[in-house]
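Chemist: The structure is given below, and queries will be raised subsequently.
Any read-out appearing in this document is the output of simple, stated calculations on the displayed coordinates, not a laboratory observation. Since the structure is predicted, the reported quantities are computational estimates derived from the model, not experimental observations. Note that we place each Cβ from the backbone using ideal geometry, even for glycine, and neighbour counts take in every protein chain shown.
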Amino acid sequence: MQILKAGTLYFALVFGAGFVLGTIRTLWVVPSLGMRKAELMEAPVMFVITIVAARWVVGRFSLPPGPPTRLGVGFVALGFLLFAELGFVLWLRGMRIREYIASRDPVAGTVYIVMLGIFAVMPLFVSRK
């Protein structure tokens, strides 16, 4: 139960920050710089947010340092994130999964996939401070 609670909180923190940043990116940065640059500028900010959120959740729930618990938290959070991304975002945009994947910029899309992997494993690599 602790893994589910921690994973849900980790997801909520990162998704909430990503939602705010995504709104700013879409409304103000994309029109002046384009989608690729805007998404690539957002990635380092989301990386820092991921580290901070993972560290806070690990400390808040006093998660043991072993991979089963920490990776469990990360993969629960990743599952929620993918569900939200593929469910809510596709519904909001009126797209199908195939259209969404085809519409992704190859460079920014690759960075996004790498960031998803980092998001999933970050609880394993942070300390409880």
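Chemist: At what distance in nm do the modelled label points of residue 4 and residue 35 sit from each other, each positioned 7 Å from its Cα along Cα→Cβ?
Modeler: With each label point 7 Å from Cα toward Cβ, the separation is 3.7 nm.
Chemist: Okay, next question. Using alpha carbon coordinates only, what is the Rg to Rh ratio of the chain, with Rh defined as the Kirkwood radius?
Modeler: Values: Rg = 15.1 Å, Rh = 15.2 Å.
Radius of gyration over Kirkwood radius for the chain works out to 0.99.
Chemist: Quick one, could you list the DSSP H helices from the chain stretching 30 Å or more along their long axis (Cα atoms) with average Kyte-Doolittle hydropathy of -0.5 or above?
Modeler: Working: long enough: 2-24 (33 Å, 1.51); 35-60 (36 Å, 0.83).
Counting only whole DSSP H runs, the qualifying helices are 2-24, 35-60.
Chemist: May I pose another question? Using +1 at the C-beta of Lys and Arg and -1 at the C-beta of Asp and Glu, which of 12, 119, 72 has the Cα lying farthest in the positive direction of the dipole of the chain?
Modeler: In the chain, that residue is 72.
Chemist: Please give the charge dipole size of region 2-125, origin at the Cα centre, charges +1 on K and R Cβ atoms and -1 on D and E Cβ atoms. Round to the nearest 20 debye. It would help to have the intermediate numbers written out before the result.
Modeler: On the way: 11 positive and 5 negative charges, 21 e Å.
Result for region 2-125 is approximately 100 debye, rounded to the nearest 20.
Chemist: Provide the net charge surrounding residue 108, with neighbours chosen by a C-beta distance below 15 Å and charges set as Lys +1, Arg +1, Asp -1, Glu -1. All intermediate terms of the calculation are to be shown ahead of the outcome.
Modeler: Values: positive: 25, 36, 37, 104; negative: 39, 42, 85, 105.
Taking every other residue near residue 108 into account, the sum is 0.
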